[in-house]
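Visitor: I have a structure here, written as structure tokens, and I will follow up with some questions on it.
The values are calculated or read from the model by the stated rules, or taken from the named source; none is laboratory data. Quick caveat: nothing in here was measured; it's all calculated off a predicted structure. Here the Cβ positions follow ideal geometry from the backbone for every residue, glycine too, while neighbour counts run over all protein chains shown. Surface areas here come from the heavy atoms of the whole protein model, side chains and all, with no ligands, DNA or RNA. Shrake-Rupley method; radii C 1.70, N 1.55, O 1.52, S 1.80 Å.
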Amino acid sequence: MLTIHADTSHVIQLAVGPAFMLASIGGTLTVLTNRLARINDRTIKRRDDMEHAGTEPSAALLEELQALNRRARVTNAAITVAAVCAILVCVLIGSLFLGNELGIPFDRAVAGLFVVAMLGLIATYTLMLVEIYLAYHSINPT
């Protein structure tokens, strides 16, 4: 029969919050990678259009390709920050259990990891908002 020490059950309770955070980061990564895939598909289509036109590319086409490139860079940065954030949350959860099993007080390290992970999540959503802004303004330039 499996018996869980009282401290271990408490650590599991502490790890639930970061685990939900990890799930939300996963969902965000799905959204961001889908956006990047759509940007990539549109870029390939517009480059094909440019090759098959046979004439000098129009200023509008070049401008659209530049806008797509900007969006791709911002989206890539958001994906990178989100992935680093997810790694930090995984390290945080591992530190909770490692500290409990080894009797090492990792409370300050865990708190620091959580704060840095939250800052990363804030940066991820900020970059996502920037990309959405760029997408909107590339469709409706005003």
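Visitor: Mind checking the per residue accessible area of region 1-110 for me, 1.4 Å probe, whole number of Å²?
Guide: Dividing the accessible area of region 1-110 by its residue count gives 65 Å².
Visitor: Placing one identical point scatterer on every Cα of the chain and ignoring solvent, what is log10 I(q)/I(0) from the Debye formula at q = 0.11, 0.12, 0.13 Å⁻¹?
Guide: Treating every Cα as an identical point scatterer, log10 I(q)/I(0) equals -0.56, -0.62, -0.68.
Visitor: Given charges of +1 on the Cβ of Lys and Arg and -1 on the Cβ of Asp and Glu, with all other atoms neutral, how large is the dipole of region 43-142 about its Cα centre, in debye to the nearest 20?
Guide: Computed charge dipole of region 43-142: roughly 180 debye.
Visitor: Follow-up question, since we're still on this one. Taking +1 at the Cβ of each Lys and Arg and -1 at the Cβ of each Asp and Glu, which of VAL84, LEU96, LEU32 sits farthest along the dipole of the chain towards its positive end, judged by Cα position relative to the Cα centre?
Guide: LEU32
Visitor: What is the distance, in nm, between label points placed 7 Å from the Cα along the Cα-to-Cβ direction at ARG70 and at SER58?
Guide: 2.0
Visitor: Taking 0.36 nm per residue of sequence separation and subtracting the Cα-Cα distance, how much length would be gained by fully extending the chain between SER9 and VAL115, in nm to one decimal?
Guide: 35.8 nm
Visitor: If I build a Gaussian network model for the chain, linking alpha-carbon pairs within less than 10 angstrom, which residue out of THR30, THR43, THR55 has the largest mean-square fluctuation?
Guide: THR55
Visitor: Using label points projected 7 Å from each Cα along Cα→Cβ, tell me how many nm separate ASN40 and VAL130, to one decimal.
Guide: My value for the distance between the label points is 2.1 nm.
Visitor: Determine the relative contact order of region 11-142: mean sequence separation of Cα pairs under 8 Å and six or more apart, normalised by residue count, in whole percent.
Guide: About 34 percent, as a whole number.
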